[in-house]
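These notes concern the structure reproduced below.
Coordinate-derived values only; no laboratory data. Predicted model only: the values in this text are computed from it and were never measured. Cβ placement follows ideal geometry from the backbone for every residue including glycine, while neighbour counts extend to all protein chains displayed.
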Amino acid sequence: MSASIAAPSSSSGSQSSAQRVEAELRRTIVTLELPPGARLSEQEIALRYGVSRQPVREALIALARSRLIDIQPQRGTVVVKFSVKKMMEARFVREAVECAVVRQAATAFSPQSRERISDLLALQEMVAERGDHASFQRYDEQFHVELAEGAGCGLAWEAIRDIKAHMDRVCHLTLPGRHSMLPLIAQHRAIMTAIDASDAPGAEAAMRLHLTEILRALPKAEAAHPDLFE
């Protein structure tokens, strides 16, 4: 492989070896530790993680189903390059799901989830101020998960996990600094303000605006990194 990745933790509970390898490879692909175009070796992955080649094969097949890698018989396995088409499809699906989530949240939202979201927003501001993009992405993900959980729609987030990975990769490319993160926090707060006011149309409008951010970032990313795009 062209990039170094850490072995998955041995404390992953009931996860199978294949699931642990898939989760770690997915993380390194989404965070661009394994960049678009990186070649993957079954044997090297198996050695690195201390597993046989069978769970590695299963992990790679799962990632191929998510369209994060391309398995080419006789030619090898590579991390797919960014695709504007896949990004637009991912955004379309995510917008449909998350707008439905915030409409539901505006009618009834868990007080416990609201408290956790307040904490998450404070954490987002803290890590944004110090330019910690990796932590910001983690808290951003937790914000959206908590939104779905608080609205009683936890499975909705699970349903879009695979397709949103294509958006997440671009976010890791386009959010390097504090100036890029702070507007997203303001958008998160606008979503919650509408939910707190039981304003379903307002919550939906705020979420739509939030999910257009990638449309502004995508052309700049493609111009700056043409070698990473199809």
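Principal-axis analysis of the Cα atoms of the chain puts helix 213-224 at an angle of about 40° to the longest axis. The aspartates and glutamates whose alpha-carbon is closer than 12 Å to the alpha-carbon of LYS164, local same-chain residues fewer than 8 away aside, are GLU89, GLU95, GLU98, GLU141.
Computed over the range 17-79, the convex hull of the alpha-carbon atoms projects to a mean area of 3.7 nm². In loop segments of the range 130-223 as defined by DSSP, the trypsin sites (Lys or Arg not before Pro) with at most 14 further C-beta atoms inside 10 Å of their C-beta are ARG130. Excluding same-chain neighbours fewer than eight residues apart, the aspartates and glutamates reachable from LYS86 by a Cα-Cα span under 13 Å are ASP162, ASP168, GLU230. Axis angle, to the nearest 10 degrees, between helix 84-107 and the longest C-alpha principal axis of the chain: 40 degrees. Summing Lys and Arg as +1 and Asp and Glu as -1 over all other residues whose Cβ lies under 13 Å from the Cβ of GLU115 gives a net charge of -2. Considering only the other residues whose Cβ falls under 11 Å of the Cβ of LEU32, what net charge follows from Lys and Arg at +1 and Asp and Glu at -1? Once all neighbours under 11 Å are counted, the net charge is 0.
For the pair the range 211-230 / the range 75-154, the C-alpha centres are spaced 20 Å from each other. Can you tell me the 0 to 90 degree angle between the C-alpha axis of helix 53-65 and the longest principal axis of the chain, rounded to 10? Tilt relative to the chain: about 40 degrees.
Sparse packing (at most 12 other Cβ atoms within 10 Å of the Cβ) combined with a DSSP loop state is found for the following trypsin sites (Lys or Arg not before Pro) in the range 34-98: ARG75. Counting charges near VAL127 (Lys, Arg +1; Asp, Glu -1) among other residues having Cβ under 14 Å from its Cβ returns a value of -3.
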